[in-house]
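The values are calculated or read from the model by the stated rules, or taken from the named source; none is laboratory data. Everything numeric in this text was worked out from a predicted model, so none of it was measured. We place every Cβ from the backbone using ideal geometry, glycine too, and count neighbours over all the protein chains shown.
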Amino acid sequence: MPRGIRYSNLFYPDFVRLPEHTAYIVNISGRLGCVFLYRHLEPVEALDFDNRILQEEREGRKQWDLQRPIEMPGEHRVAMESEGRLIYVFEDGVQYYRHFRRRDFTELFIAHEVEDVDAITTEEKERHGRILAQFILAYRAFTGDVAVRMPNDLVGEYPLIRFGVHQYTDEELRRPQHERVSELRDVGVRIEGVPLGAHPHALAPPPIDPEKVCPIISAFLASGDTVPAPQTILIQALEALKISQDYRHAILLAFFSIEQVVTETLEDIKKKAGIPEKTVKNFRAGEFGISYRINIELPLVFPPESLVRKLIPDLDKANGYRNGVVHKQRDPTYEEAAFVIKTGDRLIKALSGEPIDAEPAEPVPPAPAARPPQAE
């Protein structure tokens, strides 16, 4: 069983502001890896609106060509600079222009050991991603440079990754592990498999019915209304769930939306009943929490047959997931976060008089709606 080391090479689409040719040991669950910051790059990115990729068969194989070569226009060029630094150049005077901009990239190598270079396991193949995420997280945390995105936020810009392996010699195996993994060897790297420049959590677009959604969007935009805060928060929770893969943040955001809807709904009912606003505000700041509002107050104002009343068990369950994160430092699952988001969406629909699913399903982006009507 020949032990060795596996290297991953990628061009990270951000400028990690650490010195070139530096190495960082990363400990993941007791296993050491290493990130080598090799160099900073400033490549050119070209956008040509009057171009496309052509495909044809040649000698039984697919071939690809550009409709036209992408070249810097000879005239009518307009440049944008900031603080003496070129931002972009674009072609003026045409509808479908060419646009060129410089980009910041950081070339990284990631190294970690494998037990058998001839039979690399699935866990070993995925380990570079955990090492990369830990490295970027530490960089953001200790520098405050949040312009550098986490790997899960690179939707549409996920780097193409190449891999290579090196089999240890007997002499190398006698060296300490931290020395073995922190040496950048000259090995060939190649494309190994997906993701080939594709985000591993890329989202399929949700099904959209233009006949239904276009009139809703048009009416909303023409009304001058804003999306209610609880629905905006649910959209942010959905992004945390599906893009950032941050289930804790997704649960906290989603339940904050639920808490805001429940609290404001009950306060409006109390004000309509003649309770002074000052008393209502004092009650909000009192000792009664969201569990009391869900399990005691909502049943008092919504009849058993109402959709809101039927959602109370799910609301209480969502509160349990939230409490597990806040008070017990639990690591929630995707399913738990999705449940809380969907429960918040169903609550808003129930208060708006819309039909709701019989059971929570995969969460979808909540559609903007007017502020939910209050119970009479």
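Just to be sure before I move on: is residue 132 over 20 Å from residue 23 (Cα atoms) and of a type outside the set (Ser, Thr, Tyr) in the structure I sent? The answer is no for residue 132. Checking 98, 102, 85 one by one, the residue that is among the basic types (Lys, Arg) and either free of Cβ contacts under 8 Å to residues at least 24 places away in the same chain or farther than 28 Å from residue 12 by Cα (or both) is 85 and no other.
From the set of residues in the range 134-168 that are without any contact (Cβ under 8 Å) to a residue 60 or more places away in the chain and assigned to a loop (DSSP other than H, G, I, E, B), which is farthest from residue 29 (Cα to Cα)? Among them, the one singled out is 156. Which of the residues belonging to the range 272-298 are modelled with pLDDT of 85 or more and either surrounded by 14 or more Cβ atoms within 10 Å (Cβ to Cβ) or not assigned by TED's automatic domain parsing to the domain that holds residue 343 (or both)? Hits for the range 272-298 are 290, 293, 294, 295, 297, 298. For the range 114-133, the set of residues classified as in a loop (DSSP other than H, G, I, E, B) and of a type outside the set (Val, Ile, Thr) consists of 115, 116, 118, 119, listed by residue number.
Taken together, the residues in the range 233-258 that are small (Gly, Ala, Ser), assigned to a helix (DSSP H, G or I) and closer than 24 Å to residue 133 by Cα amount to 3.
The rows are residues; the columns are (1) under 30 Å from residue 72 (Cα atoms); (2) in contact with a helix residue (DSSP H, G or I) (Cβ under 7 Å, 6 or more places away or on another chain); (3) modelled with pLDDT of 95 or more.
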site	(1), (2), (3)
87	yes, no, no
92	yes, no, no
97	yes, no, no
107	yes, no, yes
112	no, yes, yes
117	no, no, no
120	no, no, no
125	no, no, no
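Pairing each residue of the range 209-232 that is part of a helix (DSSP H, G or I) with any residue that is modelled with pLDDT of 90 or more and of a type outside the set (Gly, Ala, Ser), provided the two are 6+ apart or on different chains, yields C-beta distances under 6 Å for 230/260; 230/261.
Each residue in the range 1-60 was checked for being small (Gly, Ala, Ser) and either touching a residue at least 60 places away in the same chain (Cβ under 8 Å) or within 30 Å of residue 94 (Cβ to Cβ) (or both), and 5 of them qualify.
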